[in-house]
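Undergrad: Handing you this structure, nothing more for now.
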Amino acid sequence: MLVFSEKLVYNTNMYLTDEEIQKLKNNDVPSYRNIFPPDISNIYTNELVKLLGEANRAIGNLNSSKKIIPNPDLLVGPVLLKEALASSKIEGTQTTLRDVVQEEANLAFDDSYEQLQAKEVVNHMMATRLGIELVEKYSLTSRVFKEMHQLLLSKVRGTHTTLGDFRVGKNAIQKNDQIIYLPPDQTEVPNLMSILERYLNAPSNNDVYDPLLRAAITHYQFEAIHPFADGNGRLGRALISLQLIKEGVLRYPVLYLSGYLLKERKNYDECLLNVTLNEDWTGWITFFLNGIKEQATRSENIVDQIFHLYEESREIARKSIKTSNVDPLITLIFKKNAVSTKDVMDELHLSSHTAAINLLRRLVDLKLLSITNPSTKRNIHFTNEPLIKLLETV
């Protein structure tokens, strides 16, 4: 079974030799095929057209949510956290939402390995935010992908000799100690990525499809090229939201698609495989649209629950804390997963450390915050416990 995972097979020289690659090909290991961009004019069955309409409506409902429009900063962070965590778990990262929050606050871990895994998720969130900023300047280009890649893999597990650049050797993808896919030769990567860039930014008349179809095709092609030595799965999934934002389909990165891909990982793998082996674009696109439809609806529900929790927390705080700083303080503890006294001072423009810590401790008394690291007297951080519990269950 082909899996577009990030686990690469290296020999002692880091990359596979020509002889090793040829032996794998002789053993019928699937390898890259030049089937991009595809002609999908024949896929428009009644069932697929209906599904495409339903997926677009679900995205439209998510975009038009009255909860998001006035509060994007408030709601993007929590959903992006769930997306990054699920996307990383697809690649085998074993960490928890609470560990990620701990790493975001730059707090110490008892186990360095657990900290590195949490950092992978934090890097994922940071790389996605960077990508959103860069796309506005440079569109969807290799420059954007490389800068995201450098941030994604900064100071995490593994040896990344081509951090922020395309791979420089031949590699193979394995699952359960079995090699299952051979990406194109490294010498082909720059040209293949240039073709993908043109498809993304200046499509020909033959390639102007519905943006959701284009996003499905792009995701397959990016993973098939496997342009980097590591991080391709996570980067490819982040690209989905970036592409939909660039094409005006998605307003904010609040589509929790990796939750679906993690749940349906076996089908995810098999549908991508069938494109490589049988050019089954219909099967892959159908799977992708079902994911968009399901997760757009689920994301809207998550956004609604976060917003209701925000309003509830704000009302509780308003009744007990008589200060004009209540609203911006509650907004801060939803925007940041862990806050410090300095965060409060900066956000509320307070000059007094005592005033800031007193506000935070009032929220602890109201059970709106918990102390993340109660055993220390320095670098104290506070976590929005009701929000964390919500994100662990939705």
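Undergrad: Can you spot a residue in the stretch 294-301 that is among the hydrophobic types (A, V, I, L, M, F, W, C), assigned by TED's automatic domain parsing to the domain that holds Val79, in a helix (DSSP H, G or I) and at pLDDT 95 or above?
TA: The initial filter retains those residues of the stretch 294-301 that are among the hydrophobic types (A, V, I, L, M, F, W, C), namely 296.
From what's left, assigned by TED's automatic domain parsing to the domain that holds Val79: 296.
Remaining after also requiring in a helix (DSSP H, G or I): 296.
Filter once more, so that each one left must be at pLDDT 95 or above: 296.
There is at least one residue in the stretch 294-301 that is among the hydrophobic types (A, V, I, L, M, F, W, C), assigned by TED's automatic domain parsing to the domain that holds Val79, in a helix (DSSP H, G or I) and at pLDDT 95 or above.
Undergrad: Given the conditions (1) part of a helix (DSSP H, G or I); (2) of a type outside the set (Asp, Glu); (3) in contact with a helix residue (DSSP H, G or I) (Cβ under 8 Å, 6 or more places away or on another chain); (4) farther than 17 Å from Phe222 by Cα, which single one is not true for Met148?
TA: So Met148 meets the others, but not (4).
Undergrad: Same structure again: Where residues in the stretch 181-199 are modelled with pLDDT under 95 and either crowded, with 23+ Cβ neighbours inside 10 Å or of a type in the set (Ser, Thr, Tyr) (or both), which of them is nearest to Pro38 (Cα to Cα)?
TA: Ranking the candidates gives Pro183 first.
Undergrad: Just checking, which of Leu368, Leu289 is among the aliphatic types (A, V, I, L, M), touching a residue at least 24 places away in the same chain (Cβ under 8 Å), buried (at least 17 other Cβ atoms within 10 Å of the Cβ) and assigned to a helix (DSSP H, G or I)?
TA: On the way: Leu368 fails: assigned to a helix (DSSP H, G or I).
The match here is Leu289.
Undergrad: Please determine whether any residue of the stretch 301-311 is exposed (fewer than 14 other Cβ atoms within 10 Å of the Cβ) and either more than 19 Å from the chain's Cα centre (by Cα) or closer than 30 Å to Leu182 by Cα (or both).
TA: yes
Undergrad: Here's a follow-up. Residue pairs, Cβ under 9 Å, 6 or more apart or interchain, first in the stretch 298-311 and acidic (Asp, Glu), second buried (at least 22 other Cβ atoms within 10 Å of the Cβ). List them.
TA: Matching pairs, first to second residue: Glu300/Leu62; Glu300/Ile68; Glu300/Val254.
Undergrad: Here's another thing I want to ask about it. From Leu107, Leu52, Leu116, Leu62, grab the single residue that is over 14 Å from the mean Cα position of the chain (by Cα), modelled with pLDDT under 90 and in the same structural domain as Thr282 (by TED's automatic domain parsing).
TA: Working: Leu52 fails: modelled with pLDDT under 90; Leu116 fails: modelled with pLDDT under 90; Leu62 fails: modelled with pLDDT under 90.
Sole residue among the options that is over 14 Å from the mean Cα position of the chain (by Cα), modelled with pLDDT under 90 and in the same structural domain as Thr282 (by TED's automatic domain parsing): Leu107.
Undergrad: Further question: Only one of Tyr181, Tyr209 is assigned by TED's automatic domain parsing to the domain that holds Val275, in contact (Cβ under 8 Å) with a residue 60 or more places away in the chain and in a loop (DSSP other than H, G, I, E, B); which? It would help to see each step written out before you state the result.
TA: On the way: Tyr181 fails: in a loop (DSSP other than H, G, I, E, B).
Testing whether each residue is assigned by TED's automatic domain parsing to the domain that holds Val275, in contact (Cβ under 8 Å) with a residue 60 or more places away in the chain and in a loop (DSSP other than H, G, I, E, B) leaves just Tyr209.
Undergrad: So is Lys322 modelled with pLDDT of 95 or more and in a loop (DSSP other than H, G, I, E, B) or not?
TA: Working: modelled with pLDDT of 95 or more: no; in a loop (DSSP other than H, G, I, E, B): yes.
Against the criterion (modelled with pLDDT of 95 or more and in a loop (DSSP other than H, G, I, E, B)), Lys322 does not qualify.
Undergrad: Looking at Lys119, Lys137 in this structure, which one is assigned to a helix (DSSP H, G or I), in contact with a helix residue (DSSP H, G or I) (Cβ under 7 Å, 6 or more places away or on another chain) and of a type in the set (D, E, K, R)? Outline the logic, then answer.
TA: On the way: Lys137 fails: in contact with a helix residue (DSSP H, G or I) (Cβ under 7 Å, 6 or more places away or on another chain).
Among Lys119, Lys137, only Lys119 is assigned to a helix (DSSP H, G or I), in contact with a helix residue (DSSP H, G or I) (Cβ under 7 Å, 6 or more places away or on another chain) and of a type in the set (D, E, K, R).
Undergrad: Spot the failing condition for Ile240; the list is (1) crowded, with 24+ Cβ neighbours inside 10 Å; (2) not in a helix (DSSP H, G or I), and only one is missed.
TA: (2)
Undergrad: Another question about this same structure. Mind checking whether some residue in the stretch 130-152 is closer than 21 Å to Thr95 by Cα and of a type in the set (D, E, K, R)?
TA: Pass one, the stretch 130-152, residues closer than 21 Å to Thr95 by Cα: 149, 151-152.
From what is left, the residues that are of a type in the set (D, E, K, R) are none.
Scanning the stretch 130-152, I find no residue that is closer than 21 Å to Thr95 by Cα and of a type in the set (D, E, K, R), so the answer is no.
Undergrad: Scan the stretch 59-86 for residues that are assigned to a helix (DSSP H, G or I) and under 14 Å from Ile333 (Cα atoms) and report the count.
TA: Going residue by residue through the stretch 59-86, those that are assigned to a helix (DSSP H, G or I) are 59-63, 72-86.
Then keep just the ones that are under 14 Å from Ile333 (Cα atoms); that gives 73-78.
Residues that pass the stated criteria total 6.
Undergrad: Looking at Ala202, Ala172, which one is modelled with pLDDT under 95, over 17 Å from Thr282 (Cα atoms), small (Gly, Ala, Ser) and out of contact with any helix residue (DSSP H, G or I) (no Cβ under 9 Å at 6 or more places or on another chain)? Walk me through it before giving the result.
TA: Values: Ala172 fails: out of contact with any helix residue (DSSP H, G or I) (no Cβ under 9 Å at 6 or more places or on another chain).
The unique qualifying residue is Ala202.
Undergrad: Got a sec? Which of Leu277, Leu273 is surrounded by fewer than 18 Cβ atoms within 10 Å (Cβ to Cβ), modelled with pLDDT under 95, closer than 27 Å to Pro37 by Cβ and among the aliphatic types (A, V, I, L, M)? Before you say what the answer is, go through the steps one by one.
TA: On the way: Leu273 fails: surrounded by fewer than 18 Cβ atoms within 10 Å (Cβ to Cβ).
Going through Leu277, Leu273 in turn, the sole match is Leu277.
Undergrad: Inspect all residues belonging to the stretch 340-348 and state whether any of them is assigned to a loop (DSSP other than H, G, I, E, B), touching a Pro at 6+ places or on another chain (Cβ under 9 Å) and on the phi < 0 side of the Ramachandran plot.
TA: Residues of the stretch 340-348 that are assigned to a loop (DSSP other than H, G, I, E, B), as a first pass: none.
No, the stretch 340-348 contains no residue that is assigned to a loop (DSSP other than H, G, I, E, B), touching a Pro at 6+ places or on another chain (Cβ under 9 Å) and on the phi < 0 side of the Ramachandran plot.
Undergrad: Considering only the stretch 104-116, state which residues are in a helix (DSSP H, G or I) and not hydroxyl-bearing (Ser, Thr, Tyr).
TA: Going through the stretch 104-116, the residues in a helix (DSSP H, G or I) turn out to be 104, 112-116.
Of everything in the stretch 104-116, those that are in a helix (DSSP H, G or I) and not hydroxyl-bearing (Ser, Thr, Tyr) turn out to be Glu104, Glu114, Gln115, Leu116.
Undergrad: Which one of these is under 19 Å from the mean Cα position of the chain (by Cα) and of a type in the set (Lys, Arg): Arg198, Arg214, Arg167? Steps first, please.
TA: Working: Arg198 fails: under 19 Å from the mean Cα position of the chain (by Cα); Arg167 fails: under 19 Å from the mean Cα position of the chain (by Cα).
Residue meeting the stated conditions: Arg214.
The values are calculated or read from the model by the stated rules, or taken from the named source; none is laboratory data. Because the structure is a prediction, the values reported are computed rather than measured. Note: ideal-geometry Cβ built from the backbone for every residue, glycine included; neighbour counts use all protein chains shown.
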